[in-house]
Amino acid sequence: MQIVTNMAKTTLRVLLKAFIILICAGWVSLWLLKPTNLWIRKWHGAEDRASSTIFGYYGLNFAVYAFPGIALAITGLFYLSLQPVETRRRQARSSATAFSNPVVVNSFVGILSSLEILAIVSILVFLAWTFYARISNDFEKLMPIKSMKLNLWQLKYLRVATRFGLLAEACLALLLLPILRGLAVFQLVGIQFESSVRYHIWLGSAMIFFATFHGASTLFVWGISHHIQDEIWKWQKTGRIYLAGEIALVSGLVMWITSLPQIRRKKFEIFYYTHHLYIIFLTFFLLHAGDRHFYWVFPGIFLFGLDKLLRIIQSRPGTCVLAARIFPCKAIELILPKDSSLKYTPSSIIFMKVPSISKFQWHSFSISSSSVVDSQTMSVLIKCEGRWTSSLYNMIQAKLDADQVKCMPIAIEGPYGPSSLNFLRYDSLVLVAGGIGITPFLSILLEIASPKSSNRCILPTRVELIYVVRSSQEICLLNSVSSLLLKQESEKLYLKLKVFVTQEKQSTSTIEELLEKSLSQIQMVNLETDGSSYAVHGVEGLPWMAALIGISSIVFLGILICLNRMLIPSGKKDVKRKSPSWIADVVIISSFIIAICCSTLVAIVLRWRRLNKGIMRVTQKQGKSGEEKWKNSVEEHEIHFGRRPNFVEEILDAFVNKSGRGCNVGVVVCGPESMKQSIALICQQKCPSLEKQYLGFHSLNFTI
């Protein structure tokens, strides 16, 4: 029976994968055909024919332009829900795996694989094609503007500026897809949320560049033709609403400027709050571009709005911290209650909000525990260096010093984990961590060493952990894997630790002595719990989220058709011409709000049904108190002072030689960008020289 079920799931996954490829091919074809004269002629005729039907031209635009992206998300979520979590086969040398290895390593663009380069080139070619097709058609049919007396070069420059607005629109269509969390469509190609954020940054920067050129050039032409006073404040009844475009551009520029690293890292609160101007930006973009243009960018907006809604509902009611550890290197570990049915993969992340610090700020952290090892709690390690994290550290420190330790309410989103664990399919692993970058590796090591995991799937048998820290105090962050490191309890796993302390002089202390010294300084505080709080239960199942997307899209289309039929009668072109263009825009906004509200009700019902079905409440302390003494340390572990590791000879060459011929080695890095880039460059240079061996590079983020 189990074999039949697995065969049915495999067949269904193949069919869904074929359907996903078909949707993507059709959607891309639409983007390529849209600028052509053939498509424009055919499409105008199709809109005229649809206007006389109940469906309307607006229904046609939604079905052709917007729904493919929504259908891709629905199908993708069903596909991911059928994907097996276990990794039952080894990583093999193949074109698919080699395609994801680093090809370009640069301090400006970071680390790029062949797949990423292909995607970037494809987008650039598409933008160039769109601009060329549109501007060549404009120059062939160049018509003077009656309200402004422009000479030929001014008229051409104005058309160029207008078409740059279309390029900004194309970037906006993709802008929100990389930052989806629960509805992450990028998981279909194995890209996680924390990694795809940089695509959002690139697309946002390109969009602002095109939009700024579009707006500034238009103002320039108005200025030299002495019409700027007449045009800049115009809120015309039909056509482009210029004032709405100016408001959208200003709000977009504010978001982009405050998201620059110099501001985002030092003044995160400014970045966080100003980024919520996206509501103003999207609303006024719709009023400026019009409803027909808006259907192209609608899938990303629709999925982002629904994703945001599900995250808000999932984070309520809140939970509370069971216990906390305060490390001597100004880091803390929070132990959170978890429902026993919640399973997450290694390197998963959660988003956390502490209302007593800020009622609106969410911050992401990697989970340092394993759901296979501990079914009741989950842990996160936090390095307290910024303003928000320092406030959290001071709060925990104050609770430690207080006579009565009160409850500490928090809200949790997630966990969000990878859809596949390709980095666990190697024969051997080299894990390179810098500072707090050790966090995801703690969960990976616990997962690999767990007997439950080894019984389910094939995992690496040889692991070398390279830990680069500034001071020896930071070694205490290895607390959760202490028994694994120094007792070598797992017979199926050979684990070696190499620590490099960069800012301390040579010491005669051993790893065991340093660990015992730093661990003796760890302080533990158990917190009171609130009986009304629930344990962390995770996100809704992928099929349920796919169903919510389908329900929302159907409701949106139904409301859209009804409101348009009531406010803009179809088939009466004279009435449509006299109707202000912003009415159709308001109809889209209203339909979207109603669809989201309906989805909210369904999501709330699902949430409370799940809570009442069996998710446990937090009724008692479940945090572990006390520290385990380490004995029988292994002398093979190394510690080096006053220098950084030589990744070529000292790490990779030595490890590859010990692994033997025919062994596939995975290199996973989590730490500063400079460290990731240097190791990626080494792996890029090493791959061609290896015979009968495969060297794979993977990069992880401990926060966003």
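Counting only other residues whose beta carbon sits under 10 Å from that of Cys329, what net charge do I get with K and R as +1, D and E as -1? Could the numbers behind the result be given before it?
On the way: positive: Lys330, Lys383, Arg470; negative: Glu474.
Once positives and negatives cancel, what remains is +2.
Which of rounded, prolate, oblate describes the stretch 234-329, given a ≥ b ≥ c as roots of the alpha-carbon gyration tensor eigenvalues and a/c under 1.5 marking rounded, otherwise prolate only if a/b is larger than b/c? Don't jump to the answer; show the numbers that get you there.
Details: a/c = 3.86, a/b = 1.84, b/c = 2.10.
Verdict is oblate for the stretch 234-329.
Determine the order of Thr75, Thr529 by accessible area, beginning with the largest, at a probe radius of 1.4 Å.
Reading off the accessible areas and sorting them downward yields Thr529, Thr75.
Highest mean first, how do 599-607, 5-13, 211-219, 319-327 rank when packing is the count of other Cβ atoms within 10 Å averaged over residues?
On the way: 599-607: 16.2, 5-13: 11.9, 211-219: 19.0, 319-327: 23.1.
In descending order of packing, they fall as 319-327, 211-219, 599-607, 5-13.
Between Ser678 and Gln361, take the C-beta separation as r, use R0 = 35 Å, and let me know the FRET efficiency to the nearest 0.05.
0.60
Sort Lys149, Lys496, Lys658, Lys383 by accessible area with a 1.4 Å probe, largest first.
Solvent-accessible surface, decreasing: Lys149, Lys658, Lys383, Lys496.
Could you calculate the FRET efficiency of Ser52 with Trp31 from 1/(1 + (r/R0)^6), where r is the beta carbon distance between them and R0 is 25 Å, rounded to 0.05? Before the final figure, lay out each step's value.
Working: r = 28 Å, r/R0 = 1.11.
The pair Ser52/Trp31 has a calculated efficiency of 0.35.
With both bridge residues required to lie in the chain, what share of the DSSP beta bridges run antiparallel, to the nearest 5%?
That works out to approximately 50 percent antiparallel.
Quick check: from the Cα gyration tensor, does the chain come out rounded (a/c under 1.5), prolate or oblate?
Note, shape of the chain comes out prolate.
Take the Cα of Ser340, step 7 Å along the line toward its Cβ, and report every residue of the stretch 369-398 whose backbone nitrogen sits under 16 Å from that point.
Flagged as within label range: 371-378.
Which value in deg cm²/dmol, rounded to the nearest 500, describes the helix-derived mean residue ellipticity at 222 nm for the chain, given -39,500 (n - 2.57) per DSSP H run of n ≥ 4 and division by the residue count?
Numbers: 24 runs with 355 residues, N = 704.
Dividing the helical sum by the residues of the chain leaves -16500 deg cm²/dmol.
Each residue of the stretch 339-351 in order: what ³J(HN,Hα) in whole Hz does its phi give by Karplus 6.51 cos²θ - 1.76 cosθ + 1.60, θ = phi - 60°, with x for Gly and Pro?
Once θ is set to phi - 60°, the couplings for the stretch 339-351 become 5, 5, 7, 7, 10, 9, 8, x, 6, 5, 10, 10, 10 Hz.
May I ask you to order 51-59, 636-644, 245-253 by the average number of other C-beta atoms within 10 Å around their residues, highest value first?
Per-residue Cβ counts within 10 Å, averaged per peptide and sorted highest first, yield 245-253, 51-59, 636-644.
Under 5 Å between amide H atoms, partner at least 5 residues away or on a different chain: which partners does Phe500 have, H built in plane at 1.01 Å?
Under 5 Å from the amide H of Phe500: Tyr467, Val468, Val469, His640.
In sequence order, what are the phi-derived ³J(HN,Hα) couplings for the stretch 56-68 according to the Karplus relation 6.51 cos²θ - 1.76 cosθ + 1.60 with θ = phi - 60°, rounded to whole Hz, with x for glycine and proline?
Values per residue, Gly and Pro as x: x, 5, 5, x, 5, 4, 5, 5, 8, 8, 8, 5, x Hz.
Using amide H atoms built 1.01 Å from N in the peptide plane, name the residues 5+ places from Val667, or on other chains, whose amide H lies under 5 Å from its own.
Val430, Gly696, Phe697, His698
Among 173-182, 40-49, 152-161, how do they line up from the highest to the lowest mean number of other beta-carbon atoms within 10 Å?
Going by the mean number of other Cβ atoms within 10 Å, highest first, we get 173-182, 152-161, 40-49.
Compute the Rg/Rh shape ratio of the stretch 267-380: radius of gyration over Kirkwood radius, all on alpha-carbon atoms.
With Rh from the inverse mean 1/r over Cα pairs, Rg/Rh is 1.08.
Provide the FRET efficiency to the nearest 0.05 for the Gln376-Gln503 pair, computing r from the beta carbons and using R0 = 51 Å.
0.85
Multiply the residue separation of Glu650 and Ile224 by 0.36 nm, subtract the distance between their alpha-carbon atoms, and state the gained length in nm to one decimal.
146.8 nm
With respect to the cross-link table entries Lys353/Lys399; Lys343/Lys613; Lys353/Lys383; Lys266/Lys383; Lys34/Lys308; Lys496/Lys658, which display a Cα-Cα separation exceeding 20 Å?
Pairs exceeding 20 Å: Lys34/Lys308.
Under a Cβ-Cβ cut-off of 14 Å, what is the net charge of the residues other than Gly252 that fall near it, where Lys and Arg count +1 and Asp and Glu count -1?
-2
Quick one: grab the alpha carbon gyration tensor of the stretch 201-250, order the square roots of its eigenvalues as a ≥ b ≥ c, and give me rounded if a/c is under 1.5, else prolate or oblate depending on whether a/b is larger than b/c.
Values: a/c = 3.12, a/b = 1.60, b/c = 1.94.
The shape class here is oblate.
The values are calculated or read from the model by the stated rules, or taken from the named source; none is laboratory data. Here the structure is a predicted model, which is why all the values come from computation and not from measurement. Every residue, glycine as well, gets a Cβ built from its backbone with ideal geometry; the counts of neighbours run over all protein chains shown. Ligands, DNA and RNA are excluded from the accessible area calculation, which covers all protein heavy atoms including side chains. Shrake-Rupley method; radii C 1.70, N 1.55, O 1.52, S 1.80 Å.
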